[in-house]
Amino acid sequence: MAVVLGARNLGGAMIDHLQARGWRGAAVARSEETAAAVRERGALGIAADASDPESLGAALAKVCDELGPPSLIVNAVSASRPPGDGKGFGGGPIGEATLDGFRGWAAAVAEQAFVFLSTGIRTLRGSSDGGTLIQVTGGSARRAMPGRGLWSAGAQASRAMAHAAAQEVREEGIHVALLIVDATIESPKTAEYTRDAPANSLADMRLVAEAVEYLASQQPRAYTHELLLTPAGDRWVP
C-alpha cells in the first residue's frame, strides 16, 4: 500500500500509476478539493498539512486504520513558501536576498523534509515488514545556481537528511531513497513557460512515477539510496 504526500501534479501521477499497477493508494493533500479529486479516482484522499508533524502523523494514522500499514511513503510536496519580496524564483542573489526569502525557500523546504522523514520512519516502524520512504527533490540538491542559492540550500539539506536516515534505518528493513529529478517536470503547473520546450528536455511525470515503483520494489540486498533522472534533451552535470 502506497501513500503519496502531494496529489495535484507529480503526486497525482504517482497515485494513478501505482493504482494502475495494482497498489492500493492514498494521498495527503493540502486542500480538501485536491483530496476529493483523489477519492474520485479510487484512492483514499486526506486533507492535511504535510509540513506539520501532528497533522501528518494523524493523516498516516488514518491511512493505517482504513487501509492497513503502508509499505511505501513518497514525499512529492512542493514545500517552498516564497515570500512577496520581489526576489524571484529561488530567493535571488545572496547579497540581495532577504531573511524572509531564506525562511520561505530554504528553511521551509528543509523543515518539511524533516517532518516527512521523521514521521515516515515512525510510521514504518509500526509494521514488522518495514517499507520504503522516497524523498523527491530537484537538481538544486546537487548544485547551487546564481540567484537560487536559498532554494538549493533547502534541497541540499533535504538530501543530507535523506542520506543520514538511509544509513540509520536500513538495518531495520526500512529503505530510504532520494529521487532527484534534474529537470523541469512537464505538468499543468509548468505548462505556461514550457509550451515551446522540446519534449526531450522535460521530465515526464509518468516516467518519474515508474522510478518510484522501481525504488519501492528493491530488496535489502540491493538498495538504491539516490537515483538521478535527467532527460536526454537537458544538460547532464556529473
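The values are calculated or read from the model by the stated rules, or taken from the named source; none is laboratory data. Bear in mind that the values here come from a model prediction, so they are computed numbers and not experimental data. Methodologically, a virtual Cβ is constructed for each residue, glycine included, from the backbone with ideal geometry; neighbour enumeration extends over all protein chains shown. These accessible areas exclude ligands, DNA and RNA; they are computed on the full protein's heavy atoms, side chains included. Shrake-Rupley method; radii C 1.70, N 1.55, O 1.52, S 1.80 Å.
Ignoring ligands, DNA and RNA, please state the percent of accessible area on the chain from carbon and sulfur, probe 1.4 Å.
50 percent
Given a 10 angstrom Cα cut-off, can you work out which residue in Arg21, Arg81, Arg125 is the most mobile in a GNM of the chain?
Comparing Arg21, Arg81, Arg125 in the GNM, the peak value goes to Arg21.
Contact order normalised by length for the chain, with contacts defined as Cα pairs under 8 Å and 6 or more residues apart; what percent is it?
It rounds to 18 percent for the chain.
Any idea what the relative contact order of region 175-238 is, in percent, if you count C-alpha pairs under 8 Å spaced at least 6 apart?
Here the relative contact order equals 52 percent.
If you take the Cα Rg of region 37-163 and divide it by 2.2 N^0.38 Å, with N the number of residues, what do you get?
So region 37-163 has a normalised radius of gyration of 1.18.
If you line up the Cα atoms of the chain on their principal axes, what length do they span on each, largest first, in Å?
49, 39, 34
Give me the extension gain from Ala222 to Ala160: residue separation times 0.36 nm, minus the current Cα-Cα distance, reported in nm with one decimal.
Residue separation times 0.36 nm, minus the Cα-Cα distance, leaves 20.2 nm.
Please state the shape class of region 100-238: rounded when a/c is under 1.5, otherwise prolate if a/b exceeds b/c and oblate if not, all from the C-alpha gyration tensor.
Details: a/c = 2.14, a/b = 1.41, b/c = 1.52.
Oblate, because a/c is 1.5 or more while a/b does not exceed b/c.
Could you tell me the calculated FRET efficiency between Ala232 and Glu54, based on Cβ-Cβ distance and R0 = 30 angstrom, to the nearest 0.05?
Computed FRET efficiency for Ala232 and Glu54 comes out at 0.10.
What helices does the chain have that are whole DSSP H segments, at least 20 Å long along their own axis by Cα, and with mean Kyte-Doolittle hydropathy of 0.0 or more?
Membrane-span-like by this rule: 53-67, 108-125, 149-169.
Relative contact order of region 37-154, please, whole-number percent, based on alpha carbon pairs below 8 angstrom and at least 6 residues apart.
Contact order relative to length: 33 percent.
Apply 1/(1 + (r/R0)^6) to the Cβ-Cβ distance of Tyr214 and Arg103, taking R0 = 35 Å, and write down the FRET efficiency to the nearest 0.05.
0.50
Multiplying the sequence separation of Arg195 and Arg125 by 0.36 nm and subtracting their Cα-Cα distance, what value in nm do you get?
Separation in residues times 0.36 nm, less the Cα-Cα distance, equals 20.8 nm.
Sort region 38-91 into rounded, prolate or oblate with this rule: let a ≥ b ≥ c be the square roots of the eigenvalues of the Cα gyration tensor; rounded if a/c is under 1.5, and if a/c is not under 1.5, prolate when a/b is larger than b/c, oblate otherwise.
prolate
Measuring from label point to label point, each 7 Å out along Cα→Cβ, what is the Leu67 to Arg39 span in nm?
Placing both labels 7 Å beyond Cα along the Cβ direction yields 1.4 nm.
In whole Å, what is the distance between the alpha-carbon centres of region 103-147 and region 1-53?
Using only Cα atoms, the two centres lie 17 Å from each other.
Describe numerically, in nm with one decimal, the distance between label points set 7 Å from Cα along Cα→Cβ at Phe89 and at Ser118.
The answer from the label model is 3.1 nm.
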